[in-house]
Amino acid sequence: MSHQRKITRRTTLATGLTAAAGMLVGGPARAQVKDVKVALIVPLSGPWARQGELEQKGAQMAIDEINASGGIKALGGAKLQLIVADAGDSAEKAKNAAQRLVAQEPELVGGVGSWLSSFTLAVTEVTERAEIPWFTLSYADSITSRGFKYVFQTSMTGDEQAIAALPTIIDLAKTATGKAFKTIGMISDNTAAPQSFAKPLRDAAALEKLGVKLVMDEIYTPPLSDGTPLIQKVRSTRPDVLFMLSTNVPDDKLLVEKLNEFGLGKGRIPVIGNGAHFGAPELLKVASKEMLDGVMVTLANWSGKDQGDMVKRFKEKTGEPWMGQDSVCPYGEYWIIKEALEKAGVADRRKVAEAVRAMSLNDGPANAFPGKPLKFDERGRRVGAKLVIVQWQNGEPVWIYPPENATAKPIWPKV
């Protein structure tokens, strides 16, 4: 054997040993593990941009913590890579964003979004065809009543929230005042989630069984330019309780301000909002805490006493004053995808969806959602999802219901 051949043989042998050593100790071979791509489509421009920003913050915290804890162990420690797209300010733009994302990122194994139910309905038309498991905090019952197989709704639907909300709020009023209220009024925008929530509140027979009558039902198209006609109707009908079903912070602010301007705020008419936007930090920046104090908000998720450590990490990472539904839900949803990847053992979107359908968890991702175990039915709805109620108290929306995870006791506004 020539001297040159001996050198070549030694070099080849050394290279092979180095590679083998790398596999054993997680060295250079570890760098060969391919990232697993997951998507986030949320509004990052337009009137719902603040909610999209809060979703992105919760998402990024989950991605960072998953990767820091060793990534997807079943895939050799593969890291999750978050691909973000802007849903914009319309369902059409949201759908276009989904189409671009699916075309440009064929290796996606799952995704989250798109906050507003109307956007989610449009986006999931695209992701369903691509067989991408898609998770959403959106409320509209129509999202999971279309026979889709790859859409998973982690929130209690809007109609289920409304069915649960009214008797719960009646009980809160009875506990605080000794009597139930008799009339309700409703202001709602015409997007999918508020109308899903409003439907049971328009059921006269169901209301009659609860001893309640709907005396006002006003619908508007967002964004709202002038709340005067709506609040004038509140003043003329004087419902005992007002359901305010808006979907963005500017509308929330305008309606709350008009209530106060007309002498109806600060508990004179108890206000029940719906959706995490009504507890967004941004609302406190544009409306005073005195105006908001006592306002209750029904929603699908929030952070309570059991999520204290998670909230602490979130505050430190983002600088946000609290961690609401818009951040808690995506945080938990990416941990669901992580768990499904571990069970599937392969970065295959169909296998991931199968793992989600078979999932039943009492720990891990389940800790980010009210109601256990964490599992989904054949429609993609989370089984046992619970209604959560928060209330603005001293400049912060705090969990008041269910009581087992509450950080404060409910205060019924003094009428």
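Figures for the structure shown
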{"item": "Residues (farther than 30 Å from Lys266 by Cα, crowded, with 18+ Cβ neighbours inside 10 Å and either without any contact (Cβ under 8 Å) to a residue 60 or more places away in the chain or among the aromatic types (Phe, Trp, Tyr) (or both)) located in segment 376-406", "result": "Phe376"}
{"item": "Helices (runs of 4 or more DSSP H) wholly inside segment 267-371 containing at least 3 residues that are more than 17 Å from the chain's Cα centre (by Cα), farther than 25 Å from Thr157 by Cα and assigned by TED's automatic domain parsing to the domain that holds Ile184", "result": "281-286, 289-292"}
{"item": "Subset of segment 279-327 (residues that are free of Cβ contacts under 8 Å to residues at least 40 places away in the same chain and either touching a helix residue (DSSP H, G or I) at 6+ places or on another chain (Cβ under 8 Å) or of a type in the set (Lys, Arg) (or both))", "result": "Leu283, Lys285, Val286, Ala287, Met291, Lys312, Lys315"}
{"item": "Every residue from segment 111-166 that is charged (D, E, K, R) and at pLDDT below 95", "result": "Asp141, Asp159, Glu160"}
{"item": "Selection from segment 381-397 of residues that are farther than 13 Å from Glu290 by Cβ, touching a helix residue (DSSP H, G or I) at 6+ places or on another chain (Cβ under 6 Å) and part of a strand (DSSP E or B)", "result": "Arg381, Val390, Pro397"}
{"item": "Residue match in segment 272-282 (condition: surrounded by fewer than 24 Cβ atoms within 10 Å (Cβ to Cβ), in contact with a Phe, Trp or Tyr (Cβ under 6 Å, 6 or more places away or on another chain) and not small (Gly, Ala, Ser))", "result": "yes"}
{"item": "Boolean, Ala140 is small (Gly, Ala, Ser), over 18 Å from Ala59 (Cα atoms), surrounded by 21 or more Cβ atoms within 10 Å (Cβ to Cβ) and free of Cβ contacts under 8 Å to residues at least 60 places away in the same chain", "result": "yes"}
{"item": "Selection status of Val234, of a type in the set (A, V, I, L, M), within 24 Å of Pro413 (Cα to Cα), surrounded by fewer than 23 Cβ atoms within 10 Å (Cβ to Cβ) and at pLDDT 95 or above", "result": "no"}
{"item": "Yes/no for Lys174 being modelled with pLDDT under 95, basic (Lys, Arg) and part of a helix (DSSP H, G or I)", "result": "yes"}
{"item": "Any hit, segment 170-180, residues being in contact (Cβ under 8 Å) with a residue 24 or more places away in the chain and under 24 Å from Ser138 (Cβ atoms)", "result": "no"}
{"item": "When residues of segment 216-252 are limited to those that are in a loop (DSSP other than H, G, I, E, B) and among the acidic types (Asp, Glu), the one nearest to Ala198 (Cα to Cα)", "result": "Asp240"}
{"item": "Selection status of Phe181, aromatic (Phe, Trp, Tyr) and either closer than 26 Å to Asp89 by Cβ or buried (at least 24 other Cβ atoms within 10 Å of the Cβ) (or both)", "result": "no"}
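The values are calculated or read from the model by the stated rules, or taken from the named source; none is laboratory data. Remember, it's a predicted structure, so these values are computed and weren't measured experimentally. We place every Cβ from the backbone using ideal geometry, glycine too, and count neighbours over all the protein chains shown.
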